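Below you'll find the structure, written out as structure tokens, and then a few comments.
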Amino acid sequence: MAEYYHLDVVERKRTRTAGARSLRREGRIPVNYYYHGEKNHNLSIDRKALYAALHSGNHVFEIGIDGSPHYVMIKEVQYHPVTDEIIHVDLMRVRRKEKMTIAVPVSFEGQAAGVKKGGVMIENLSHLEISCLPTEVPESIAIDITELEIGHALTAGDVTLPDNIELVTDPELTVVTVQAPKTHVEEEAPAAEEGEAPLAPEPEEDTETEE
């Protein structure tokens, strides 16, 4: 279960492009906070603190607005097309007692039996969509693949989830499979039948012309 990770945000009054650029020069990232039916808030967050949060493994974060705690998830991150630095973030509020749908990464545990026999493991899905309370979002979903043989696959419906988590991804979608290794077979010339002489090479045509 993910713990709440606190983010220090402050209200920002400079909302135009020039104001956003000025904030970024000061080491802060512009943030939009929103929730259906509520007033949007223009905020900013320290760049280093944001990067730390993104690499924390958490999905739900706590922020303070007007002296009250609010719980949010990072809905969208915008990057600079050249420098790849973060230039803007959208935060969406979540209710602690309302289920939310979120994509969570999968992690494979063990080595597949088919791989030990020379097979090749193919990872078809890297995330599964689930529905659960914000307080119960796992950092990842562990999938045991030790008994997966060559030619076999695990679907989303095969993954064991805790009772408090519902699968949203199509249960028929393949998550991981083990395929047989590719073999290269060289084509051989057909052998002559018994009592039959091997075919002689055809003579080359005389391309010279008489003068």
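Nothing in this text is a laboratory measurement; each read-out follows from the coordinates by a stated rule. Keep in mind that what you see is a predicted model, and the values were worked out from it rather than measured. As a convention, Cβ positions derive from the backbone with ideal geometry for all residues, glycine included, and neighbour counts pool all protein chains shown.
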- Can you find a residue in the range 9-23 that is touching a residue at least 60 places away in the same chain (Cβ under 8 Å), at positive phi and surrounded by 11 or more Cβ atoms within 10 Å (Cβ to Cβ)? no
- Message: Can you confirm whether residue 62 is over 28 Å from residue 19 (Cβ atoms) and more than 16 Å from the chain's Cα centre (by Cα)?
- Response: no
- Item | Cβ-Cβ under 7 Å pairs, at least 6 apart or on other chains, the range 140-159 side surrounded by fewer than 16 Cβ atoms within 10 Å (Cβ to Cβ), far side part of a loop (DSSP other than H, G, I, E, B) and among the polar types (S, T, N, Q) | 146/111
- When residues of the range 109-118 are filtered for being in contact with a Leu (Cβ under 7 Å, 6 or more places away or on another chain) and exposed (fewer than 12 other Cβ atoms within 10 Å of the Cβ), how many remain? 0
- Selection from the range 65-94 of residues that are assigned to a loop (DSSP other than H, G, I, E, B) and not small (Gly, Ala, Ser): 66, 80, 81, 82, 83, 84, 85, 94
- Message: Test of understanding: among 38, 62, which residue is assigned to a strand (DSSP E or B) and surrounded by fewer than 17 Cβ atoms within 10 Å (Cβ to Cβ)?
- Response: 62
- Task: From the list 92, 121, pick out the single residue that is among the hydrophobic types (A, V, I, L, M, F, W, C) and either exposed (fewer than 12 other Cβ atoms within 10 Å of the Cβ) or more than 19 Å from the chain's Cα centre (by Cα) (or both).
- Result: 92
- Query: Would you call residue 102 crowded, with 16+ Cβ neighbours inside 10 Å, touching a residue at least 40 places away in the same chain (Cβ under 8 Å) and among the hydrophobic types (A, V, I, L, M, F, W, C)?
  - Reply: yes
